[in-house]
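What follows is a single structure, written as structure tokens, with notes after it.
Just so it is clear, none of the values below were taken in a lab; they were calculated from the coordinates. Just so it is clear, the model here is predicted, and its values are computed rather than measured. Cβ placement follows ideal geometry from the backbone for every residue including glycine, while neighbour counts extend to all protein chains displayed.
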Amino acid sequence: MKTLTRVLFFAALILISVSAGAQSLKIGYIDSNEVMNIMPERDSIEVALMKFQQQLEKELKAMATEYQTKVTSYQNDMATMSNLVKQSKEKEITDLQNRIQEFQQNADQEFNDKRIELLNPLIDKVKKAIDDVGKENNYTYILDSATGVILHIGPNAENVLTLVKAKLKLK
């Protein structure tokens, strides 16, 4: 629905601009994912995310080991435990199981937050370069093919990838 709204908005803008005849359209397109993938900062971001993920996995593994140890101990000693001790051990195991599930959910959210935190400066840098290229080269629109907002790429549309790469001093 959101994409349809964007498409209709762009189509309306194009129709208004063409019918007004006040300015000529110069439309460019780019795949922003392609630019993001060749940015030198991307490697260090990926390494930082991998380290963060390994840290979370290490903690989760430690919790799982603790859980397995408690379950094994409970199963081995169950015959000699009083009902009160059994209930206490069962509660410990259940509480630990709940903590593990909660940790998994929080870890997923924390990883996503960390990913956004690390990628936002890079995204902003690419957006600024695209905006600068658009202004410097008098583009009316630059469409991002990575987001799927393109209805049609006509013969006069230009791929501005090389201009953005040059702006960012990338190969």
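Please go through region 94-117 and pick out each residue that is in contact (Cβ under 8 Å) with a residue 12 or more places away in the chain, polar (S, T, N, Q) and within 30 Å of R42 (Cα to Cα).
Q104
Within region 33-48, how many residues are closer than 17 Å to K114 by Cβ and either polar (S, T, N, Q) or not in a helix (DSSP H, G or I) (or both)?
Going through region 33-48 one residue at a time, the tally reaches 1.
Going through S88, S44 one at a time, which residue ends up being within 30 Å of K167 (Cβ to Cβ), surrounded by 10 or more Cβ atoms within 10 Å (Cβ to Cβ) and out of contact with any helix residue (DSSP H, G or I) (no Cβ under 8 Å at 6 or more places or on another chain)?
None of the others qualify; the one that does is S44.
Within region 142-150, identify whether any single residue is assigned to a strand (DSSP E or B), under 30 Å from E34 (Cα atoms) and under 18 Å from the mean Cα position of the chain (by Cα), and answer yes or no.
Yes, region 142-150 contains at least one residue that is assigned to a strand (DSSP E or B), under 30 Å from E34 (Cα atoms) and under 18 Å from the mean Cα position of the chain (by Cα).
Condition first: out of contact with any strand residue (DSSP E or B) (no Cβ under 7 Å at 6 or more places or on another chain), closer than 19 Å to L49 by Cα and surrounded by 10 or more Cβ atoms within 10 Å (Cβ to Cβ). Can you find one or more residues in region 96-103 that meet it?
Within region 96-103, one or more residues are out of contact with any strand residue (DSSP E or B) (no Cβ under 7 Å at 6 or more places or on another chain), closer than 19 Å to L49 by Cα and surrounded by 10 or more Cβ atoms within 10 Å (Cβ to Cβ).
Any residue in region 75-93 that's within 21 Å of M63 (Cα to Cα): show its pairings with residues that are part of a helix (DSSP H, G or I) and of a type in the set (S, T, Y) at Cβ separation under 6 Å, as long as the two are six or more apart or on different chains.
From region 75-93, the pairs are K89/Y74.
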